[in-house]
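First up is the structure itself, then whatever we jot down about it.
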Amino acid sequence: MGSVKNSLLVLLLVLIAGCGDMMDDLAPSSSDMRPSVQCGVTGPGICQNAPDFTLIDTLGNTVMLSSVVSTTGLRGSVLYFTMWCPVCDMHMSHMRANVMLAFPDVRFFAVDYVSGSVADARSAEISAGYDGSGITVLADTQQTVLGLYQATMGTTVVIDANGVVRMNEDYKDGAKLSAVLSALP
Amino acid sequence: MHVFRSMIMAALFMGAALFSPLAAWAGSCCGGGGGTALILPSFYNGMIDVSFDFEKYRGFWNQDGKVTPDPPGSDLRQYRLNVGYAHRFAKRWQTSIMVPYVWNDNVYSGFSSQTHGIGDTTINLWYEAIDDKSAWKIRDLADMIPSVTIGAALLMPTGISPYDNVTSSFDITGRGFYRLDGNMLITKTVNPWSASLSLGYGAYLERSVNREYGRYVEPYQKKLGDRTSASLSLGYVYFIGTGGDKLTGTGSYSYLREADTTYDGTRDPNSGFRKEAVGASLAYASTDHDWSTRISWSHAVRQDGWGDNFPITDIYTLGVSYGFR
């Protein structure tokens, strides 16, 4: 019976040790590993030109990014990528209550990348309580914009009036978003 | 100083989770799987335990505790295979390890994702501080003394976390943080009834983050909030025939709260969560008690106020264990 126990212990250890890049969490690095980004070219990185896109919002309007950013009087645009989960709701509620009011000259978009149609995105928006919130919900039914901005749940992108990416990272507590928006020209 | 205070709290509040519904806190909205505790009964030197969880998501509580549905057309599930081994290394001391393997199965109206990977591993150390004086008859006050087991647990971030080389939140099977728990389990049996109270306090260790979902970011320090858990259960043992086989039914109530996350020492006041749940389980032990099987159900009540900022789920578990004398 002892050999059975030992075999199972070995199996457990092999199972644990054989898994991917586990060491990234067991021994986290604090090194800044960000690759250098070439500014002025189209891409999702900071200082790059924001990839243009056209999506339909949940009210049926066509939204083209390049048209939005060039709107007179608009200092910038925010894209928040949502899958309508608790974390997404936490971020969006915070953004709605603490950020949007302070930046009336910034346009806020939620990019829904999990709904398969504009109608489904509209239903999700309503059931999550964001109808009339001031956040324009875009239906990214093919996950095109998700891919363009290398985004996932909670990714928050700030694009200035010149169409340049100023932020592209997780929302966290919203402090970085407020700081970036405050620094917009 | 905050970490030190957390450690002291953990040491003071030691808690346990002998197959209790506290085991049911593994899931999160986007994966995240964790192990649980395994406690050896008296007179056993070792035990192997294998269980399978099926967790079904049914919306979530928002920050105000209001029930919020998942997007229309979505079907979110997580499956976990938990493999554990417990070993007694001294008369009153035992240790155990529990490793989950997690499958995430998420379907939305416009997208589906099936991913899998190992979850976060739990290593436990237990000390049987006080024995139950009498499990059969109360003759005097001393017979009311319950068994008390205290312990510590280390959650190791062996799962796939948002800080690994992943591209999507759907890939996640772990939280990416170490956590040190202090646990205490108080149990009193007066056959055929038994009651238990399980308390736990856990402190996550702060870590550096330089990558989120596969993309390197400006490094920062992150610490998840301290975790408080409690579970109260009442069980009834039904002896089958005269051979000693027994069937145990248990009902329970569980509470979990996690405090706010901090980023570079600054607290995010919106990030904590809370969940309450009720549960039921049925366990069968054979005559020699070396083998036992169990089924359990952990049910998050889908009503406002039973949680904050957390998914509402049902968890169904099927488990089997074998003890070595």
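Between the range B:108-129 and the range A:73-90, the C-alpha centres lie 28 angstrom from each other. On the beta carbon distance between B:T287 and B:K137, with R0 = 35 Å, the FRET formula returns roughly 0.95. Helix B:2-12 and the long axis of chain B differ in direction by around 20°, with both axes built from C-alpha atoms.
Counting every pair of alpha carbons in the range B:2-324, the share spaced more than 26 Å apart comes to 47 percent. Here the simple spin-label model places points 7 Å from the Cα toward Cβ, and for A:A183 and B:D264 these points are separated by 1.0 nm.
Solvent-accessible surface of the range B:2-324, taken per residue with a 1.4 Å probe and all protein chains present: 40 Å².
The residues neighbouring B:T149, those whose beta-carbon lies less than 12 Å from its own, together hold a net charge of -2 under the Lys/Arg +1, Asp/Glu -1 convention. Note on chain A: with neighbouring protein chains present and a 1.4 Å probe, carbon and sulfur make up 57 percent of its accessible heavy-atom surface. Panel note: contact residues of the range B:150-168 (accessible area lowered by at least 20 Å² against the chain on its own; 1.4 Å probe) correspond to B:P157, B:T158, B:D164. Distant-in-sequence amide contacts of B:N45, defined by a placed amide H-H separation under 5 Å and a gap of 5 or more residues or a different chain, comprise B:F324, B:R325.
Compute the helix-to-body angle for A:2-17: its Cα long axis versus the longest principal axis of chain A, expressed 0 to 90° and rounded to tens. Taking Cα atoms only, the helix is inclined about 30 degrees. With a cut-off of 8 Å between alpha carbons and a minimum separation of six or more residues, what is the relative contact order of chain A in percent? Value for chain A: 25 percent. Residues within the reach of a label modelled at B:V190 (point 7 angstrom out along Cα to beta-carbon, backbone nitrogen below 13 Å), restricted to the range B:132-149, are B:133-146. First compute the accessible area of chain B with a 1.4 Å probe, then give the percent of it belonging to carbon and sulfur atoms. Carbon and sulfur atoms account for 63 percent of the accessible area of chain B. Centroid-to-centroid, using Cα positions, the range B:186-228 and the range B:50-98 are 13 Å apart. Converting phi to 3J(HN,Hα) with the Karplus coefficients 6.51, -1.76 and 1.60 and the offset θ = phi - 60°, the range A:75-83 yields 7, x, 9, 10, 10, 10, 8, 10, 10 Hz in sequence order, with x at every glycine or proline. In this assembly, the A-B interface accounts for approximately 4600 Å² of buried accessible surface in total, computed with a 1.4 Å probe and without ligands, DNA or RNA. In the protein assembly as shown, a dipole from Cβ-located charges (positive for Lys and Arg, negative for Asp and Glu) runs towards its positive end, and of A:T136, B:P146, B:S51 it is B:P146 whose Cα lies farthest in that direction. If you take the Cα centroid of the range B:307-321 and the Cα centroid of the range A:29-67, the two points sit 38 Å apart.
In summary, the lysines within cross-link reach of B:K133, defined as a Cα separation below 18 angstrom excluding same-chain residues under 8 places away, comprise B:K91, B:K188.
The values are calculated or read from the model by the stated rules, or taken from the named source; none is laboratory data. It should be emphasised that the depicted structure is a prediction, and the values quoted were computed from it without experimental measurement. We place every Cβ from the backbone using ideal geometry, glycine too, and count neighbours over all the protein chains shown. Please note that ligands, DNA and RNA were not included when accessible areas were found on the heavy atoms of the full protein model with its side chains. Shrake-Rupley method; radii C 1.70, N 1.55, O 1.52, S 1.80 Å.
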